[in-house]
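Engineer: Take this structure, written in structure tokens, and hold onto it; I'll ask about it next.
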Amino acid sequence: MSNFRRPIKAALLQVHSIIGLAMALLFAVVGITGAIMGFEDEIEAGLNSGIMRVDASATPRLTPMSRWGRRWSRVDPPLHPWPRRYCE
């Protein structure tokens, strides 16, 4: 009976080792990608430090209200909130 168990024990040890190595590789990939996601902002700032700088501009800032003011001042005649057929 002892001779019968040795090949099974050796095969199970081999299967256990292969599965263990595959799972260790999987966990290593999950850990590395999680660390990259955790430090994403710092990594991007370090890699793109030359691109992420914006020089100050001398032109005035364009606000949403200034855009609407220019748009509505060009409308002739002034727009009514409802079409004329509903107001009569």
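Engineer: Within the set of pairs 6+ apart or on separate chains, which have a first residue in the range 21-42 that is without any contact (Cβ under 8 Å) to a residue 12 or more places away in the chain, a second that is surrounded by fewer than 10 Cβ atoms within 10 Å (Cβ to Cβ) and outside any helix (DSSP H, G or I), and C-beta atoms under 6 Å apart?
Structural biologist: none
Engineer: Check off (1) exposed (fewer than 10 other Cβ atoms within 10 Å of the Cβ); (2) at pLDDT 90 or above for Thr63 and give me the number that stays unchecked.
Structural biologist: Among (1) exposed (fewer than 10 other Cβ atoms within 10 Å of the Cβ); (2) at pLDDT 90 or above, the lone unmet condition for Thr63 is (2).
Engineer: For the range 18-60, which residues satisfy the criterion of being in contact with a helix residue (DSSP H, G or I) (Cβ under 9 Å, 6 or more places away or on another chain) and at pLDDT below 85?
Structural biologist: As a first pass, look at the range 18-60 and keep what is in contact with a helix residue (DSSP H, G or I) (Cβ under 9 Å, 6 or more places away or on another chain): 36, 43, 52, 60.
Correct list: Met52, Pro60.
Engineer: Does Val15 qualify as being under 28 Å from the mean Cα position of the chain (by Cα), assigned to a helix (DSSP H, G or I) and at pLDDT 90 or above?
Structural biologist: Working: under 28 Å from the mean Cα position of the chain (by Cα): no; assigned to a helix (DSSP H, G or I): yes; at pLDDT 90 or above: yes.
Here the answer is no, as Val15 does not meet what is asked.
Engineer: Another question, if that's okay. Go through the range 35-54 and give me each residue that's surrounded by 10 or more Cβ atoms within 10 Å (Cβ to Cβ) and part of a helix (DSSP H, G or I). Write out each step before concluding.
Structural biologist: Step one: of the range 35-54, the residues surrounded by 10 or more Cβ atoms within 10 Å (Cβ to Cβ) are 35-36, 38-40, 43-45, 47-48.
Within the range 35-54, Ala35, Ile36, Gly38, Glu40, Ile43, Glu44, Ala45, Leu47 qualify.
The values are calculated or read from the model by the stated rules, or taken from the named source; none is laboratory data. Nothing here was measured: the structure is a model prediction, and the numbers come from that model. Cβ atoms come from the backbone with ideal geometry, glycine included; neighbour counts cover every protein chain shown.
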